[in-house]
Ligand SMILES: Cc1cc2nc3c(=O)[nH]c(=O)nc-3n(C[C@H](O)[C@H](O)[C@H](O)COP(=O)(O)OP(=O)(O)OC[C@H]3O[C@@H](n4cnc5c(N)ncnc54)[C@H](O)[C@@H]3O)c2cc1C
């Protein structure tokens with residue numbers, strides 16, 4: 001499914017100006033351009049004309065100035081793990097690789113915060129924060145960068161307790177296409193000072209400016225942890241249990257669901273024998289073992305009352321890792337099980353009390369159309385993903401997938417949900433954003449035009 005757009009090839013004057021300024025940090029090598037022409041969804045592909053490996057904020061400012069002068073589209077690129085086509089340079093131009101801005105500039109343990117360059121990955125920040133007894137709580141599955149995560153407002157398994165990236169970024173420096181570098185937000189824990197420009201750039205997918213520095217929140221590492229794994233007969237039953245756990249104010253560290261198809265994929269791919277049922281993982285944390293045991297006992301009761309079976313608890317880091325294995329390996333196992341197929345992951349989020357019915361209805365639609373679709377959810381947030389797959393040329397199956405996707409989205413929006421809980425819009429969700437935000441899409445375009453009147457910053461993303 002290539003995304004058909006005209007690639008406005010960068011002219012030679014622009015290329016020479018970039019070469020003269022950046023020397024061998026600018027690459028036009030085929031292999032380098034190819035690595036910057038796709039994201040992890042692997043659905044669309046388009047080469048940039050050149051890739052610049054930036055290593056400082058000044059590089060970013062200079063690249064933006066050259067892009068403006070020569071009318072060259074510029075696409076920020078960090079790790080490239082996004083899933084909605086966000087980093088694909090659909091109009092060619094310059095891919096601005098920010099992975100070289102990879103320094104943790106400071107950790108302030110007393111303020112529970114760290115200041116980082118945007119190319120720092122979250123596992124690296126966690127490695128450095130650990131010695132202070134602190135951690136960064138947002139954990140998308142891939143080893144994403146802080147700048148990329150801010151730009152998609154990523155979340156992951158920790159969001160149920162600690163919030164999304166938006167909730168965990170205090171302040172940022174952002175380079176604009178007009179040459180300014182602005183500071184948005186504040187290092188204080190809260191602020192009521194004027195319009196909230198920080199949150200305008202979070203989730204903007206690099207369409208408004210380039211983030212060059214972030215000050216982010218860190219959290220104390222919980223001293224006691226336990227994870228409980230539990231099987232259910234249906235996905236709906238598991239989701240209803242998740243709603244009950246949230247209602248009991250247990251404040252789980254993580255609350256995750258995968259269905260029996262994903263467990264089957266893990267069993268086949270890794271040679272395991274996990275019971276092939278919809279499964280919940282509930283991780284609880286506490287400063288004391290006694291309090292943890294009380295929460296665990298209540299959690300056991302709630303799971304059993306909701307029809308849960310095969311309950312298994314794990315305390316030590318090694319045991320917990322083993323219990324989490326099927327959840328962590330689900331995506332790669334599903335992909336490995338169908339070589340040559342294209343995968344399409346969806347990402348809806350609904351009000352928590354509507355989750356069981358939306359999951360159930362979506363599952364029924366998939367079954368009616370005999371689709372081999374699997375489900376994974378950050379269910380404590382009401383957020384779930386359906387992973388579809390089919391051979392690239394299998395038109396009847398793709399038609400059925402898109403019809404199911406459209407129906408799931410219509411249902412999601414009808415119950416007050418959103419077309420993207422955490423992956424963003426990129427190229428793939430523009431039609432659904434237009435449905436969800438029909439009344440404010442025009443205003444969003446006006447904001448885009450204010451920051452980027454010539455549409456040079458990651459053009460073609462979020463909306464055409
Ligand atoms: C196996 C797997 C599991 C995943 N699980 C989750 C999950 O649980 N939750 C979740 O939210 N996501 C998940 N993702 C998606 C992905 O990890 C996130 O979208 C992540 O935020 C992308 O970060 P990145 O560093 O790879 O950014 P990139 O993909 O490089 O870029 C993402 C977007 O940000 C822009 N950008 C990057 N850096 C900057 C910057 N400094 N300034 C301005 N714009 C910038 C880019 O132009 C692009 O639009 C998963 C992906 C995979 C492959």
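Report the calculated FRET efficiency for residue 407 and residue 28 (r = Cβ-Cβ distance, R0 = 25 Å), to the nearest 0.05. Walk me through the numbers on the way to the answer.
On the way: r = 44 Å, r/R0 = 1.78.
Taking R0 as 25 Å, the efficiency between residue 407 and residue 28 is 0.05.
Tell me, what are the semi-axes, in whole angstrom and largest first, of the equivalent ellipsoid of the chain as set by the roots of 5 times the Cα gyration tensor eigenvalues?
Working: eigenvalues 279, 145, 79 Å².
Working from the Cα gyration tensor, I get semi-axes of 37, 27, 20 Å.
I need the peptides 137-149, 285-297, 221-233 ranked by packing, meaning the mean over residues of other C-beta atoms within 10 angstrom, with the highest value on top.
Numbers: 137-149: 24.6, 285-297: 14.5, 221-233: 19.7.
Going from most to least packed, we get 137-149, 221-233, 285-297.
Let me understand the stretch 379-435 better: what is its radius of gyration from the alpha carbons, and its Dmax, in angstrom?
Here Rg and the maximum Cα pair distance are 12.4, 37 Å.
What base-10 log of the normalised intensity I(q)/I(0) is obtained for the stretch 240-327 from the Debye formula, alpha carbons as equal point scatterers, at q = 0.11, 0.15, 0.17, 0.24 Å⁻¹?
For the stretch 240-327, the Cα-only Debye profile gives -0.32, -0.59, -0.75, -1.32.
Taking only the alpha carbons of the stretch 90-245, what extent do you get along each of the three principal axes, in Å, biggest first?
So the extents along the principal axes, rounded to whole Å, are 57, 42, 33.
Separation between the residue 180 and residue 69 pseudo-spin-labels, each 7 Å from Cα along Cα→Cβ, expressed in nm?
2.2
Using 1/(1 + (r/R0)^6) with R0 = 41 angstrom and r between the beta carbons of residue 56 and residue 325, what's the FRET efficiency to the nearest 0.05?
That gives a FRET efficiency of 0.50.
For the chain, what is the relative contact order in percent, using Cα pairs closer than 8 Å and at least 6 residues apart in sequence? Provide the component values of the computation, followed by the final result.
Details: 964 pairs, mean separation 72.2, N = 464.
Relative contact order for the chain comes out at 16 percent.
Using label points projected 7 Å from each Cα along Cα→Cβ, tell me how many nm separate residue 437 and residue 167, to one decimal.
Result for the modelled spin labels: 2.1 nm.
Suppose the Debye formula is applied to equal point scatterers at every Cα of the stretch 310-464; what is log10 I(q)/I(0) at q = 0.14 Å⁻¹?
Once normalised to I(0) and log-transformed, intensities are -0.84.
If you average the sequence gap of Cα pairs under 8 Å that are 6 or more apart and divide by the length of the stretch 1-220, what percent do you get for the contact order? All intermediate terms of the calculation are to be shown ahead of the outcome.
Working: 474 pairs, mean separation 41.5, N = 220.
Relative contact order comes out at 19 percent.
What ranking, highest mean first, results for peptides 43-55, 377-389, 393-405, 173-185 when packing means the other Cβ atoms within 10 Å averaged over each residue?
Numbers: 43-55: 22.2, 377-389: 24.5, 393-405: 15.0, 173-185: 17.4.
Sorting 43-55, 377-389, 393-405, 173-185 by mean packing, highest first, produces 377-389, 43-55, 173-185, 393-405.
How far is helix 441-451 tilted, in degrees, relative to the longest principal axis of the Cα atoms in the chain, given as a value from 0 to 90 rounded to the nearest 10?
40
Return the FRET efficiency for the residue pair residue 446, residue 336: r is the Cβ-Cβ distance, R0 is 51 Å, and the value is rounded to the nearest 0.05. The partial results should precede the final answer.
Values: r = 45 Å, r/R0 = 0.88.
Efficiency computed from Cβ-Cβ geometry: 0.70.
What angle do you read, to the nearest 10 degrees and between 0 and 90, between the alpha-carbon axis of helix 57-70 and the longest principal axis of the chain?
Approximately 60 degrees, to the nearest 10.
For residue 21 and residue 414 in one chain, what is 0.36 nm times their gap in residues minus the Cα-Cα distance, to one decimal in nm? Please list the in-between numbers first.
Values: separation 393, 0.36 × 393 = 141.48 nm, distance 5.19 nm.
Net length gain for the segment: 136.3 nm.
Only the coordinates and a few stated rules stand behind these numbers; no lab work does. Predicted, not measured: the structure shown is a model, and the values here were computed from it. Heads up, the Cβs are rebuilt from the backbone with ideal geometry, glycines too, and the neighbour counts pull from every protein chain shown.
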